[in-house]
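Visitor: Can you read through this structure? Questions will come right after.
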Ligand SMILES: [Fe+2]
């Protein structure tokens with residue numbers, strides 16, 4: 001990736017991701033390829049600087065900056081900063097997702113659903129693994145994959161998230177309670193997203 005500006009870097013990255021989807025569709029193999037490509041973005045992390053994309057201010061848990069969203073709400077790319085100790089309980093995204101670390105450490109706990117889905121509003125999940133996402137690491141999820149996240153570093157995280165569709169369109173996503181089992185839909189449209197620094 002030879003692009004030297006933020007705009008060109010984002011555009012070039014997304015063009016390459018689109019090529020992968022066109023050639024291979026979205027499956028575990030192509031998501032791994034997109035994840036590998038995304039990991040390369042970390043070489044350009046200085047373009048996504050704190051002056052342009054500041055971490056959350058006093059009392060704020062996280063800052064979400066929209067970098068790109070296609071007209072059909074696809075290829076939604078965000079820069080996300082989350083303060084230490086904060087994160088999200090187990091959830092899915094109802095679309096594919098690729099996350100790459102620029103700064104800070106984010107623990108991802110991976111879960112699988114083990115009930116048959118027959119009881120409305122209830123679910124049983126179990127942990128299948130843990131991975132800490134650090135600078136230059138990437139991780140990819142399919143639409144039904146479940147993960148929970150927590151910033152475990154002393155400083156806030158600075159990560160790039162790319163989704164098959166934007167948060168506003170992830171209306172059927174589910175948050176799980178690992179101890180008690182109930183599930184609830186939580187539309188991502190409730191997330192405070194800063195669109196003022198959009199790149200493309
Ligand atoms: Fe997530």
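Visitor: (1) away from the ligand (no atom under 16 Å from the Cβ); (2) closer than 25 Å to residue 155 by Cβ; (3) buried (at least 20 other Cβ atoms within 10 Å of the Cβ): which one isn't true of residue 69, the others all being true?
Guide: For residue 69, the exception is condition (2).
Visitor: Based on what the data block shows, is residue 26 away from the ligand (no atom under 16 Å from the Cβ) and touching a residue at least 60 places away in the same chain (Cβ under 8 Å)?
Guide: Criteria met by residue 26.
Visitor: If you don't mind, there's one more thing I want to ask. Given the criteria over 11 Å from the mean Cα position of the chain (by Cα) and farther than 21 Å from residue 13 by Cα, does residue 92 qualify?
Guide: No.
Visitor: Are any residues in the range 114-145 modelled with pLDDT under 95 and crowded, with 18+ Cβ neighbours inside 10 Å, and if so, which ones?
Guide: Scanning the range 114-145 gives 123, 125.
Visitor: Taking residue 75 and the conditions (1) farther than 18 Å from residue 45 by Cβ; (2) within 13 Å of the ligand (Cβ to nearest atom); (3) in a strand (DSSP E or B), which numbered condition does it fall short on, given that it satisfies the others?
Guide: Of (1) farther than 18 Å from residue 45 by Cβ; (2) within 13 Å of the ligand (Cβ to nearest atom); (3) in a strand (DSSP E or B), only one is false for residue 75: (2).
Visitor: From (1) over 20 Å from residue 82 (Cβ atoms); (2) buried (at least 16 other Cβ atoms within 10 Å of the Cβ), pick out the condition that doesn't hold for residue 148.
Guide: Checking residue 148 against (1) over 20 Å from residue 82 (Cβ atoms); (2) buried (at least 16 other Cβ atoms within 10 Å of the Cβ), the one that fails is (1).
Visitor: Quick check on my filter: what residues within the range 78-94 are crowded, with 17+ Cβ neighbours inside 10 Å and more than 14 Å from the ligand (Cβ to nearest atom)?
Guide: Residues satisfying the conditions are 79, 81, 83.
Visitor: Could you check the range 95-114 and list, in sequence order, the residues that are touching a residue at least 24 places away in the same chain (Cβ under 8 Å), assigned to a loop (DSSP other than H, G, I, E, B) and away from the ligand (no atom under 11 Å from the Cβ)?
Guide: 96, 104, 105
Visitor: Now a separate question. Out of (1) touching a residue at least 40 places away in the same chain (Cβ under 8 Å); (2) in contact with a helix residue (DSSP H, G or I) (Cβ under 9 Å, 6 or more places away or on another chain); (3) farther than 17 Å from residue 175 by Cα, what's the single condition that is false for residue 32?
Guide: For residue 32, the exception is condition (2).
Visitor: Sticking with this structure for a sec: Quick one: residue 16 ticks every box in (1) out of contact with any helix residue (DSSP H, G or I) (no Cβ under 9 Å at 6 or more places or on another chain); (2) without any contact (Cβ under 8 Å) to a residue 40 or more places away in the chain except a single one, so which number is it?
Guide: Single failed check for residue 16: (1).
Visitor: Still on this structure, please answer the following. Criterion first (more than 16 Å from the ligand (Cβ to nearest atom), under 12 Å from residue 158 (Cα atoms), assigned to a strand (DSSP E or B) and touching a residue at least 12 places away in the same chain (Cβ under 8 Å)) does residue 53 satisfy it?
Guide: It is false that residue 53 is more than 16 Å from the ligand (Cβ to nearest atom), under 12 Å from residue 158 (Cα atoms), assigned to a strand (DSSP E or B) and touching a residue at least 12 places away in the same chain (Cβ under 8 Å).
The values are calculated or read from the model by the stated rules, or taken from the named source; none is laboratory data. This is a predicted model, so every value here is computed, not measured. No Cβ is skipped: glycine too gets one built from the backbone with ideal geometry, and neighbour counts run over all protein chains shown.
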